[in-house]
1. Subtracting the Cα-Cα distance from 0.36 nm times the residue separation, let me have the gained length for residue 242 to residue 42 in nm, one decimal.
2. Order these peptides, 144-155, 69-80, by their mean beta-carbon neighbour count within 10 angstrom, highest first.
3. Return one number: the angle in degrees, 0 to 90 and rounded to the nearest 10, between the long axis of the Cα atoms of helix 53-62 and the longest principal axis of the Cα atoms of the chain.
4. With semi-axes √(5λ) of the Cα gyration tensor in Å in mind, check [x] 86, 38, 11; [y] 30, 21, 19; [z] 38, 19, 16 and report the label derived from this structure.
5. Taking the chain as a Gaussian network, Cα atoms linked when under 10 Å apart, which of 67, 222, 89 shows the biggest mean-square fluctuation?
6. Tell me, what is the percent relative contact order of the chain, built from C-alpha pairs under 8 Å that lie six or more residues apart?
């Protein structure tokens, strides 16, 4: 399975209008004992697998991607029934053990799995300036961290998440589960060269703020303005040199306690909270 990253062009050629066509019909009823094994699709570059109640429910509600097949245990099918009906998806009833075999025993699937196509590609020029804030991830590769950042980004109505085409995790599976539905609400912009993307953001009028423990001043003390791009670096490595050089400001988070460093997803949440308060004033 490759990244949930559609081809370029920014337009979704497979909108939800035909999403329900070809979806597997309910098979075997609530009890599949003695029935056929579920016919899961094989991993492919244009196949995204979402699992867990929140990730699947938001995909069904938002209809931002073409959905191919919905698999659910009998109990989970009842739980998701209203959203599945509105999305035109008839769940195929499976056993929890079937999903364990497909996803791995460690996947917390909650009895739900959705096979779908990637979300449509986005370009920097297509970012809608609603909240006036975008996030830039400088080679953050851990899917749990990026998923948590997406969840926070959705909570703060961030306009877009900008990542590099390389050195970024797959936007499906565990990342989507950790994002708890946030993946469907935050546009993802994948760029080839992050330094050039930062330059373009500057030309588009964004105040580019890098978050770094060695920042020149606390984020709380800085004058912020919309639109703003908040750049976050990978844990340990931090912001790369060219990313820092293309920031208008490099800020730090001052911690009053004994521990002076935070997980990048936690730092993101605090920084967005500070920025939201300062931009409101």
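Laboratory data are not the source of any read-out in this text; all were calculated from the coordinates shown. All figures in this text were calculated on a predicted structure; none of them were measured in a lab. Cβ sites come from the backbone with ideal geometry, for glycine too, and all protein chains shown count toward neighbours.
1. Full extension from residue 242 to residue 42 adds 68.1 nm.
2. Order by mean packing, descending: 144-155, 69-80.
3. 90 degrees
4. Checking each listed value against the structure points to [z].
5. It is 222.
6. Over the chain, the number comes to 19 percent.
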